[in-house]
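The next block holds one structure in the form of structure tokens; read it before the comments.
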Amino acid sequence: MDIQNVIQQACAKAVETLYGVAVGEEQLQLQKTKKEFEGHLTLVVFPLLRISHKKPQETAEEIGAWLKDNEPAVEKYNVINGFLNLSVATSSWATLLNTISRTENYGTVKPTDSAPLVMIEYSSPNTNKPLHLGHVRNNLLGWAVSQILEAAGNRVVKTNIVNDRGIHICKSMLAWLKWGEGETPESSHKKGDHLIGDYYVLFDKHYREEISTLAAQYEREGLTQDEAVEKAKKEAPLIKEAHEMLVKWEQNDPEIRALWKKMNDWVYAGFDETYRALGVGFDKIYYESDTYLVGKAKVEEGLQKGLFTRHDDGSVWADLRDEGLDEKLLLRSDGTSVYMTQDIGTAKLRFDDYDIDRMVYVVGNEQNYHFKVLSILLDRLGFEWGKSLVHFSYGMVELPNGKMKSREGTVVDADDLVAEMISTARQTSEELGKFADMSEPERAEIARIVGMGALKYFLLKVDARKNMLFNPSESIDFNGNTGPFIQYTYARIRSVLRKAREAGVDFAGGVAPDTEVNEKEQTLIQHLSQFPAVVQQAAAEFSPSTIANYCYNLVKEYNQFYHDYSILGESDEQKRVLRLVLSEQVSNIVRTGMSLLGIEVPERM
């Protein structure tokens, strides 16, 4: 347990014993003692005067004396102007470090069979294009949140919903039929998702040409420029063909369905390769081609119950104006479904498959309105977790040269990004001489670990709600708040521990209770003791950045300690053992914390 918590509880007990009033720990202002005064923690007694009915000095003296007599963690105290400065007993620091070192998987909680079941949806790709930088952030956030929630004691189901149907899919299919000439991933030597993405871009190129031609014709016929463009978008032959294909797909046309399956299978093989490179996965994958009919059935059911209304053109809508929102389309006039319908169907299947206590959707902030509506609709349709669903809304990723635009083919491809990060990590490591005495397989593996660590940490250290600028060159730096800096510190510690064991130094028995613990060591032990609370906080706030920045601050503190104090060269055996145990626990918690973010740490660099 955190020493601050131990003393805070003792202070509460002191107040109740001395003055007969129970106070909550949150009412006790306990803070780190200022450097100019003796002590580790300071209790501000002024808020307690209405309870003690005594002067600040007298109140502080009474509480300090009680703590010294009754709380082993308090060695001595002093009072300065109503501030009670408490010095933590040396044995408490050693005991706390030993407790940390002897606790398996310190900081994490193994979920029980009765723990809350949280389902987390992330990735949610379209099968008409490869994954890009935005998907990378989504996948890394989803995976990290899943790991953190599980470490906090929840049962977690990681799930993906693949958008494998709709007009956008038909665009790629139609372009391949028109201009593909039978091209396959094998014949083109391209990943399947890249190949299909090329045809999506090709469709858009030809569609724009048709719009331009038709708009010019409509302008000559007397329409304004805006009117001409809008009409051209609807009347262009390509988009009409794509809509006809979508209707045929929903009518289960065998030829269209066979083409759809073949092209989607190409894409899935490509996605799987990217997921493996990112180190993410799923417990259950849903497909909108399976969920949209379930969604349509639930909408029809809601229509019969008077929850929704059908307009004159046959379309079905939900009126949400009493919720301060607008009307929401659920079924088009031709009977085809929209994203909202599909999400309702997916929710129904998930509720059938799992006894979900909480549903978390990891989706960008451009969909904030969508999830407000979805929450209301699911609640109206009777899903118990509908009203309490969580939209983990995160900001967009931008690059130094601006935003990404997928339809123009200028997207930052996830596979290219991964390859670039690994290549840059290798080049940087070679320039810094970190590959000395390593075999080629070791160099390749270290480059992969460092490159992916740099990418993941850079994307996860930022508050997820904020838009962010991703600069690959800044992410691979062995100094500062970066993944490689943390990885290098971990490898440095593991090197020290290996040398200690090779020299026959035995530190497995732990720290002797009377070992002198200096201020820097106390700070590190206190930092380590806060890890369980940090994990719980990160889970409560769905905040991978909380874990990331904890790890950074921990290794920054450790590096200052490493610079100031000798470890293996320390002549005092008790101090040497203390520093080795402390170092080992820093490395263990760094490894645990980084693994919650999906980041590997190398044993040597």
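The values are calculated or read from the model by the stated rules, or taken from the named source; none is laboratory data. Computed from a predicted model, the values in this text were never measured in an experiment. Every residue, glycine as well, gets a Cβ built from its backbone with ideal geometry; the counts of neighbours run over all protein chains shown. Only protein heavy atoms, including side chains, enter the accessible area calculation; ligands, DNA and RNA are left aside. Shrake-Rupley method; radii C 1.70, N 1.55, O 1.52, S 1.80 Å.
Descriptive notes on the structure:
- Across region 347-366, the number of residues qualifying as touching a Gly at 6+ places or on another chain (Cβ under 9 Å) and open to solvent by less than 30 Å² (accessible area, probe 1.4 Å) comes to 5.
- Residue ranges of helices (runs of 4 or more DSSP H) in region 100-207 with at least 2 members under 26 Å from PHE470 (Cα atoms) and modelled with pLDDT of 95 or more: 133-151
- Given (1) touching a helix residue (DSSP H, G or I) at 6+ places or on another chain (Cβ under 8 Å); (2) open to solvent by less than 80 Å² (accessible area, probe 1.4 Å), number of the condition GLY222 does not satisfy: (1)
- Restricting attention to region 295-309 and to residues that are touching an Asp or Glu at 6+ places or on another chain (Cβ under 9 Å) and in contact (Cβ under 8 Å) with a residue 12 or more places away in the chain, the residue that is farthest from ASP326 (Cα to Cα) turns out to be GLY295.
- Entry remark, region 168-208: residues being over 15 Å from ASN264 (Cβ atoms), open to solvent by 30 Å² or more (accessible area, probe 1.4 Å) and under 36 Å from the mean Cα position of the chain (by Cα) number 7 in total.
- Hits in region 20-42 (condition: open to solvent by less than 40 Å² (accessible area, probe 1.4 Å) and touching a Leu at 6+ places or on another chain (Cβ under 9 Å)): VAL23, LEU28, LEU30, THR33, GLY39, LEU41, THR42
- Scanning region 56-76 for residues that are touching a helix residue (DSSP H, G or I) at 6+ places or on another chain (Cβ under 6 Å), among the charged types (D, E, K, R) and without any contact (Cβ under 8 Å) to a residue 60 or more places away in the chain yields a single hit, GLU62.
- For region 69-90, residues that are open to solvent by 60 Å² or more (accessible area, probe 1.4 Å), over 14 Å from THR42 (Cα atoms) and not in a loop (DSSP other than H, G, I, E, B) total 2.
- Listed conditions (1) touching a residue at least 40 places away in the same chain (Cβ under 8 Å); (2) assigned to a loop (DSSP other than H, G, I, E, B) are all met by TYR488, apart from (2).
- Evaluated against (1) in contact with a Phe, Trp or Tyr (Cβ under 7 Å, 6 or more places away or on another chain); (2) of a type in the set (Ser, Thr, Tyr); (3) open to solvent by 70 Å² or more (accessible area, probe 1.4 Å), SER212 falls short on exactly one condition, (1).
- Where GLN560 falls short, out of the listed (1) without any contact (Cβ under 8 Å) to a residue 60 or more places away in the chain; (2) in contact with a Pro (Cβ under 9 Å, 6 or more places away or on another chain): (2)
- Consider region 416-457 and keep the residues that are more than 12 Å from PRO602 (Cβ to Cβ) and among the basic types (Lys, Arg). The one that is most open to solvent (accessible area, probe 1.4 Å) is ARG426.
- Scanning region 43-62 for residues that are of a type outside the set (Gly, Ala, Ser), open to solvent by less than 90 Å² (accessible area, probe 1.4 Å) and in a helix (DSSP H, G or I) yields a total of 10.
Listed here are the residues, each with its yes/no results for (1) farther than 30 Å from LEU596 by Cβ; (2) among the aliphatic types (A, V, I, L, M); (3) modelled with pLDDT of 95 or more.
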residue: TRP249; (1), (2), (3): yes, no, no
residue: GLU255; (1), (2), (3): yes, no, yes
residue: LYS261; (1), (2), (3): yes, no, yes
residue: ASP265; (1), (2), (3): yes, no, yes
residue: GLY270; (1), (2), (3): no, no, yes
residue: LEU278; (1), (2), (3): no, yes, yes
residue: LEU293; (1), (2), (3): yes, yes, no
residue: TRP317; (1), (2), (3): yes, no, yes
residue: ARG321; (1), (2), (3): yes, no, no
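- Comparison of TRP93, TRP143 shows that the only residue that is touching a residue at least 24 places away in the same chain (Cβ under 8 Å), within 30 Å of TYR200 (Cα to Cα), crowded, with 23+ Cβ neighbours inside 10 Å and not aliphatic (A, V, I, L, M) is TRP143.
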